[in-house]
Amino acid sequence: MEKFIIKYFNFIRIIIAILIGVVISVFIIYIISKNPGLSLRSFFLGTILSKGRLGSWIEMSSPIILCGLAIAIPFQAEQFNIGAEGALFISAAVGTAFAVSTRMPAVLHIPSVLLVAGLTGALWGFIPGFLKAKWKTDELVISLMMNYVAYFLGLYLINYYFRDKAAGYLVSYKLPETAWLTQFVPGTRIHFGVIIAFVFALLTYYFLYHTTTGYEIRTTGTNKNFAKYGGINVFRVIVLSQVIGGFLAGIGGMTEVMGLSRRFNWQISPGYGWDGVVVAIIGQNNPLFIILAALFLSYLRTGGQVLNLLSDIPSEMVIVIKSIIILLITAEAFLQRFKNRITIREAKMREVPDGSDN
Amino acid sequence: MDPIIKSILSPKFVFATLRVMTPILYPAIGVAVSALAGSINIALEGIMLMSAFTGVMVSAYTGSLWLALIAGVLAGVGMGAILGYFHLNLKADIIIAAIALNMFASGISIFLLYVFTHDKGTSSSLKSLVFPSYQIPLLKNIPVLGPMLSGHNILTYLLFAAVVAYYYIIYKTPLGLRIRAVGQNPEAAESVGIDVNKIKLYSLLLSGFFGSFGGLYLSMGYVSWFSRDMTAGRGFIAIAAASLGGNLPLGTLLGSALFGFVNAFAIFIAPLKIPSEFIQSIPYVTTVIVLTVYSINKTRKEKAVIGSKADNR
C-alpha cells in the first residue's frame, strides 16, 4: 500500500483535490439551496439521466480537450501563453467568414475551413511567441491582452460583415451545408469534431513524447540553459510551441461552430480557453490525462447548466470549484507531509531486516 | 472632426485621464510592490473584483461607507493572504495560483450576486453607496487647472497619496528595504537574517491593500454598482503599467498615466463613426505595442551593457 501511494502520489493528490472540490460543492448546495436534494441530483446526475445532456457532455469536452492541448504544449516549454480563449474566438470568427463566403464540395470545404481557422489561431500564438523569443516580452500579459483584442476584432468581423440580419439576434450567416460537421449519434448533438479532438489529443501525445521536436519542447521547459547548450534552437521551440497551441485552439473553436451551432453565435466568449488552462493543470500537461480532465470538466459544465435550469443554484458554482481544484493541485506541498510520513514508514520497514543481520 | 479635437484639448480630457487611470494605478502599485519582492502578483484582477463586490454588498446592506471601505480593503488583503499562503507555505506556482484566484473571484462574485439579488449581471437593484466627489476650494476657480483637478472622487485624490505612501514604504521604512533586498537577491537577504517568506507575504498583503482601492473605486465611484467581471482586464493592464515603470513609484505613476491617457482618448473619439469594437480594443492593443517597444529597448540596453563589459576586458 505504501509503495503504491509513493509511486502514484501525484495522481492521488490530484484525485484528492478533485474530491475536495466535489465535497465543497455539495456543501455549498446544502447551505444555499432551498431544495438541496433536487439541486444535488441535478448537478451530479442531471447529465446522465438524459440522452441529450449525455450527448452535450461528450460534445462539450471536444473544444475543452483542444484548448487543453493548446495550453499544455506551451506550458511544457515553460511558456505561460494563456491566449487559447482569444485564439479560439478569433479563429472561429475568421473561419466562419471564410466558410460563409466560399463554395466548395464538402471534401474540400471542411478541411479548408479548419485550416483557415487553425492558421488564424497559429498567428494568434505566433505573436506572443515571437515577441517572447526575440525580445523576452512577457507572453503572459501579451496573450491576455490579445484575448481582448481577439474578442473585439471577432465581434467586429461578424457583426459588421457577416451578420445575418434576418436572424433577429446577433449571429453570423448560417454556414453552407458543405462546411457542416455531421452529428452522428441520433438524439444527441455529438458531432465529428469530437473525433477530431480525440485524434489531435493522440497526435499531440505522440508529438510530445515520441518526436525530436517534442523532446526539444520538453527539454526547453525543464531547463532552458541545458537545452541551449545542448544545441536546441530555443528560439524555434518557444515560437513553435505557441504557434501549435494557437493552431489547436483555433481548430477547437471552429469545430464547435461547424458541428454545433453551424453559425457564429458567441456574443460573449465561451470560456473554453480558460477551461483549457484548468484541464492542462489537472492533466499535468499530458495529452492523455487532458482527455480525462476535459471529460470531467465538461461533466461539471453540463451539471452546472442543469443546475441553472432546475435549481436555485447559479452555474457559476462550477467556476468556484474549478479554481479551488487548481489551487490545490498547484500547491506542491499540499499532502506533502502525508507523503513524507509514509515514505519514512516505508523506509523503516525496509531497515528492519538489515538491522537484524548486524 | 473639429469638435472632437477641441474636446481632447480641453481640460475635460485631463480630468477624464485622471478618472480612468485611477482603477489602473492602484492595482499597478499592487503589482509593483509584489514584483519588487520578487514574487509578482498577477491576481490583481481578482483582488479588485472581490473588493468591488464586497464594497457594494456591504454598503448596500449596512448603509455605511466606512464599513464598505474596511470590508473592501479586507477582501483585497485577504486575497493577497490566500495567494501568499498557497505560494509561500504550500509551494504553489504563483502564476497558476493567481490565475486560479482570478477565476475564483470572477465565479464567486457572480455566484453571490445571484444568491443575493437574483441577477447575474449587475447589482443595480441594490441601493449601494458611492464615495463622494469633492470640489477643491480656490483651486476650482482657477481656469483650466480647476476643471482638470477639481471635482474628482476622493479615491482619485487619494491616488497621489498612495503613490507617496508607496514611495515612503519602499525607500524610507525597514520593511521597504527588506522588500527590495529580498527581490534583488533572496539568498543574500536570508544570509543576513531576513525571513524571506515573511517579507514576501507582507509584500503580497500590501499588494492586496493597494489593489483593493482600485476595486472599490470601480464599483463605488467610477460607477455606482457592481457588474460581473467589471475589472475588464485592468488588473492585467496594471502589470504592463508597473513593468513599464520598472516597478518604482514615479515610473508606475507615469506608466498608468499613459494607459489612462489612451483610455480617455478612446472614450473621447467615440462620437466619431468608428466601430465601437475598435475603440474598445485600443487599450489592449496599446498595451501590446507599448510592452513590445519597452522590451525591445530593454534587450538592446542589456546587449549594450554586455558589449561594454566585453570592451573593458
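None of the figures in this text is laboratory data; all of them are computed from the coordinates on show. None of these values were measured; they are calculated from a predicted model. Every residue, glycine as well, gets a Cβ built from its backbone with ideal geometry; the counts of neighbours run over all protein chains shown.
Only aspartates and glutamates eight or more places from B:LYS273 in sequence, or on another chain, were considered; those with a Cα closer than 15 Å are B:ASP2. Distance between the 7 Å Cα→Cβ label points at B:LEU139 and A:THR182: 7.2 nm. The overall shape of chain B, judged from the alpha-carbon gyration tensor, is oblate: a/c is not under 1.5, and a/b is no greater than b/c.
Legend: ranking of residues A:LEU45, B:LEU129, A:LEU175 from fewest to most surrounding C-beta atoms inside 10 Å; resulting order A:LEU45, B:LEU129, A:LEU175. Proximity of backbone amide H atoms, modeled 1.01 Å from N, is registered between B:ALA92 and A:GLU332, A:ALA333, B:HIS87 at under 5 Å, excluding neighbours fewer than 5 places apart on the same chain. Of all lysines in the structure, the ones whose alpha carbon falls short of 27 Å from that of B:LYS140, not counting any fewer than 8 places away in one chain, are B:LYS6, B:LYS12.
Where only DSSP H runs of four or more residues are counted, chain B gives -24500 deg cm²/dmol as its mean residue ellipticity at 222 nm, each run worth -39500 (n - 2.57). The mean sequence distance of close C-alpha pairs (under 8 Å, at least 6 residues apart), as a share of the length of chain B, puts its relative contact order at 34 percent.
Specify whether the C-alpha gyration tensor of the protein assembly as shown places it in the rounded, prolate or oblate class, a ≥ b ≥ c being the square roots of the eigenvalues: rounded for a/c under 1.5, otherwise prolate if a/b is larger than b/c and oblate if not. Here the protein assembly as shown falls in the rounded category.
As a rough footprinting exposure proxy, the listed residues A:GLU216, B:GLU277, B:GLU45 were ranked by other beta carbons within 10 Å of their own, and the order from fewest upward is B:GLU277, A:GLU216, B:GLU45.
Each peptide in A:319-328, B:252-261 receives the mean, over its residues, of other Cβ atoms within 10 Å, and ordering these scores from highest gives A:319-328, B:252-261. For the range B:1-115, the relative contact order comes to 25 percent (Cα pairs under 8 Å, sequence separation of at least 6). Mean sequence separation of contacting Cα pairs (under 8 Å, at least six apart), scaled by the length of the range A:63-295, corresponds to a relative contact order of 43 percent. One Cα centroid belongs to the range A:187-242, the other to the range B:164-187; the line between them spans 41 Å.
Applied to the range A:264-278, the Karplus parametrisation 6.51 cos²θ - 1.76 cosθ + 1.60 on θ = phi - 60° returns per-residue 3J(HN,Hα) values of 7, 10, 8, 9, 10, 5, x, x, 5, x, 5, 4, x, 4, 4 Hz, with x for Gly and Pro. Using the Karplus relation 6.51 cos²θ - 1.76 cosθ + 1.60 with θ = phi - 60°, the per-residue 3J(HN,Hα) values for the range A:56-69 come to 6, 4, 4, 4, 5, 5, 5, x, 5, 4, 4, 5, x, 5 Hz, with x marking Gly and Pro.
Taking 19 Å as the straight-line reach from the Cα of A:LYS348, the lysines in range (excluding those fewer than 8 positions away in the same chain) are A:LYS3, A:LYS7, A:LYS339.
By the count of neighbouring beta-carbon atoms within 10 Å, fewest first, A:GLU177, A:GLU59 end up ordered A:GLU177, A:GLU59. For the range B:38-103, a/c is not less than 1.5, where a ≥ b ≥ c are the root eigenvalues of the C-alpha gyration tensor, and a/b tops b/c. That puts it in the prolate class. Annotation: amide H of B:GLY151 within the under-5 Å range of B:TYR134, B:GLN135, B:ILE136, sequence separation 5 or more or interchain, hydrogens built in the peptide plane. Estimated purely from DSSP H runs of n ≥ 4, each contributing -39500 (n - 2.57), the mean residue ellipticity at 222 nm for chain A is -25000 deg cm²/dmol once divided by its residues. Tell me, how many Å apart are the Cα centres for the range A:89-107 and for the range B:216-286? About 34 Å separates the Cα centre of the range A:89-107 from the one of the range B:216-286.
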